[in-house]
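A short worksheet on the structure shown next.
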Amino acid sequence: MPDRVMVFIDGANLYNCMKDYLGITQNVKVDVFGLKLANGRELIRTYYYNSPAPPTVDQASSQRFWAALGWLNNVRPRQGRIVPKTINVECPDCHKKFSLNTYIQKGVDTRIVVDVISLAQSNAYDVGIIVSGDSDLAEAIGWVREHTQKRIENACVPSKSWSEEIRKAADIKISLTKDYLKDCL
């Protein structure tokens, strides 16, 4: 019997790494990408985590993307939230102080951790594939490996954004190169 696989995609981490390190600004086809990562094993479900677009971004495009995810078979979109944040900086030359108003995502890592652990605990998968380079997820990988018989794979764009902690925690590492991703765009 083939391994049952679940894929957990940190959408913002994936998109930003693809853009910054591979020059790719397209979104992946989440369903196709999940199947590719499963690599012939039984794909139970792909979870896609991200936050809604901040008010400074084209809302119609973001809403179309989230709506389209809902039509994909075996894909479960999971949203975090966007909160405003003010960053205070000081010019090192003139010492003038500036405030930058921006937005940050909240709750996405927590949702990934809860799903990875609870679904492993309920025996929903044999292999979990976490698509992220975020070191915050390493503890969840460690917990699953120590307390269950599950294996965790980690896929990320090879870059400085792929933390050493998450790479060390995972059983298998998958490098997301331009060549690997070309069928998923």
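Look at the Cα gyration tensor of region 16-72: its axes a ≥ b ≥ c give a/c of at least 1.5 with a/b at or below b/c, and that counts as oblate.
What ranking of S118, S51 emerges when the number of other C-beta atoms within 10 Å of each C-beta is taken as an exposure proxy, fewest first?
By the 10 Å Cβ count, ascending, the order reads S118, S51.
When both bridge partners sit in region 4-184, DSSP labels roughly 30% of those beta bridges antiparallel. Short to long, the 5 Å bins of the Cα pair-distance histogram for the chain hold 1, 8, 15, 19, 20, 15, 9, 5, 3, 2, 1, 0, 0, 0 percent of all pairs.
Once the Cβ-Cβ distance of S175 and R111 is raised to the sixth power relative to R0 = 30 Å, the FRET efficiency obtained is 0.75.
Coordinate-derived values only; no laboratory data. Being a predicted model, the structure only gives us computed values, none of them experimental. Cβ atoms come from the backbone with ideal geometry, glycine included; neighbour counts cover every protein chain shown.
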